[in-house]
1. Estimate the FRET efficiency between B:A82 and B:Y57 by the formula 1/(1 + (r/R0)^6), using the beta-carbon distance for r and 22 Å for R0, to the nearest 0.05.
2. Using a simple spin-label model with points 7 Å from Cα along the Cα→Cβ vector, what separation in nm is obtained for B:R43 and B:Q15?
3. Starting from the Kirkwood Rh over alpha-carbon pairs, what translational D in µm² s⁻¹ does the range A:3-67 have by Stokes-Einstein at 20 °C and 1.002 mPa s?
4. Output the peptides B:228-234, B:15-21, B:68-74, B:150-156 sorted from most to least packed, where packing is the average of other Cβ atoms within 10 Å over each peptide's residues.
5. What are the DSSP H helices in chain B that stretch 18 Å or more along their long axis, judged by alpha-carbon atoms, and whose average Kyte-Doolittle hydropathy comes to at least -1.0?
6. For an R0 of 25 angstrom, estimate the FRET efficiency from the Cβ-Cβ distance between B:H107 and B:K189 and round to the nearest 0.05.
7. List the equivalent ellipsoid semi-axes of the protein assembly as shown in whole Å, largest first, each obtained as the square root of 5λ for an eigenvalue λ of the Cα gyration tensor.
8. Enter the mean number of other protein chain beta carbons within 10 Å of the beta carbon of each residue in B:23-29, as an integer.
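No lab work stands behind these numbers, since they all come straight from the coordinates. Note that the structure is predicted; figures quoted are calculated from it, not measured. Here the Cβ positions follow ideal geometry from the backbone for every residue, glycine too, while neighbour counts run over all protein chains shown.
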Amino acid sequence: MARIEIDEQRCKGCGLCTIICPKQLIILCSKVNNLGYTVAVFDPSAINCTGCTLCAEICPDVAIKVFK
Amino acid sequence: MQQVFKRPLSLKDVQTHFCPGCHHGTVHRMVAKALDEYDLQKRTIGVASIGCSVFLYSYFDIDVIESPHGRAPAVATGVKRAKPDSFVFTYQGDGDLAAIGTGEIIHAANRGENISVIFVNNTTYGMTGGQMAPTTLLGQRTSTSPYGRSLENEGAPIRVTELLTNLEGVSFAARVAVNNAKNLMDAKKQIKKAFRYQVEKKGFSFVEVLAACPTNWGMTPIKANERVGTELSDYFKLGVFKNVANL
Ligand SMILES: Cc1ncc(C[n+]2csc(CCOP(=O)(O)OP(=O)(O)O)c2C)c(N)n1
Ligand code: SF4
Ligand code: SF4
Ligand code: SF4
């Protein structure tokens with residue numbers, strides 16, 4: 001089992017992590033951060049995150065940490 | 001649980017000014033990671049260029065020289081020759097490297113300077129508002145080609161990696177992209193390999209990265225990311241073009 005953490009204040013809501021996740025565990029939500037961007041959130045109930053790190057690899061803002 | 005993905009040591013923990021979905025951020029992290037992997041942070045001198053990547057010195061936790069527009073390969077030549085034990089790379093956009101800096105890149109490559117060049121090709125001048133670059137695709141609308149680039153007027157887009165591959169002085173040349181899982185893995189590998197060339201004193205190494213500029217393409221980050229995999233990759237073929245030492 002694995003999980004990720006998204007730094008909401010760093011995220012710019014580009015959505016690239018949402019399209020690269022093979023399990024579709026990340027979505028853009030309606031929450032707005034201090035910079036005015038709607039941020040990405042990881043499904044907290046997800047049990048099928050593989051820790052593949054793809055979301056973190058593509059994130060242009062290095063906003064994602066992956067734990068495995 | 002262990003943290004399996006961390007910010008590289010060579011990348012400062014700061015917010016960047018890049019637009020949402022700008023691939024410069026992804027490439028910055030990848031370059032920093034490659035520096036970490038060869039333990040180069042302390043002896044690296046990065047040479048920044050003019051363009052959206054101008055703040056390299058604010059984002060990388062290494063020594064950086066800011067060079068005049070297009071002149072990064074000439075500055076890097078001087079640094080490397082004066083301090084041969086340092087690790088020297090340039091990071092340049094396509095306006096910087098393929099327009100105003102055409103002379104510098106060709107001659108540094110031809111001399112086979114033992115430096116590494118990261119060339120971020122987003123087919124436009126990002127920083128100044130999306131003007132046409134030598135790499136702008138045919139038909140692409142920019143602020144200085146509002147009807148689309150035409151073959152008759154501006155010529156065909158320059159394939160820089162292929163051009164440099166023909167020079168004797170070039171040891172390693174590759175074109176990569178960071179738009180999907182497969183390309184990200186390959187980009188990581190080729191950037192590392194380019195750096196290995198310099199570490200092992202095997203000559204000039206060059207990596208072109210196809211990159212998205214959602215803002216000046218007038219696209220959402222997701223659409224711009226897609227365009228890298230379609231229009232850009234169709235014209236600018238991905239792959240390793242030269243690898244003389246077979247690393
Ligand atoms: C000598 C000089 N000429 C022109 C400029 C204006 N200028 C700043 S950035 C830039 C183009 C940068 O485009 P590119 O290299 O493609 O980088 P990007 O911003 O797309 O990453 C230009 C022409 C300048 N700063 N200095
Ligand atoms: S680590 Fe892989 S599976 Fe987990 S959220 Fe990121 S992309 Fe999805
Ligand atoms: S890729 Fe990074 S910046 Fe973009 S939405 Fe995901 S977490 Fe946010
Ligand atoms: S203008 Fe383009 S290249 Fe510059 S930061 Fe924005 S998306 Fe990136």
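1. Working: r = 19 Å, r/R0 = 0.87.
Between B:A82 and B:Y57 the formula returns 0.70.
2. With each label placed 7 Å out from Cα toward Cβ, I get 3.8 nm.
3. Working: Rh = 11.5 Å.
Value of D from the Cα-based Kirkwood radius: 186 µm²/s.
4. On the way: B:228-234: 16.6, B:15-21: 19.9, B:68-74: 21.6, B:150-156: 10.3.
In descending order of packing, they fall as B:68-74, B:15-21, B:228-234, B:150-156.
5. Working: long enough: B:23-37 (21 Å, -0.56); B:181-199 (27 Å, -0.88).
Both cut-offs are met by B:23-37, B:181-199.
6. Details: r = 28 Å, r/R0 = 1.13.
That pair, B:H107 with B:K189, gives E of 0.30.
7. Details: eigenvalues 186, 113, 58 Å².
Semi-axes, largest first: 31, 24, 17 Å.
8. Values: counts 3, 1, 9, 7, 1, 2, 7.
Counting other chains' Cβ atoms within 10 Å and averaging over B:23-29 gives 4.
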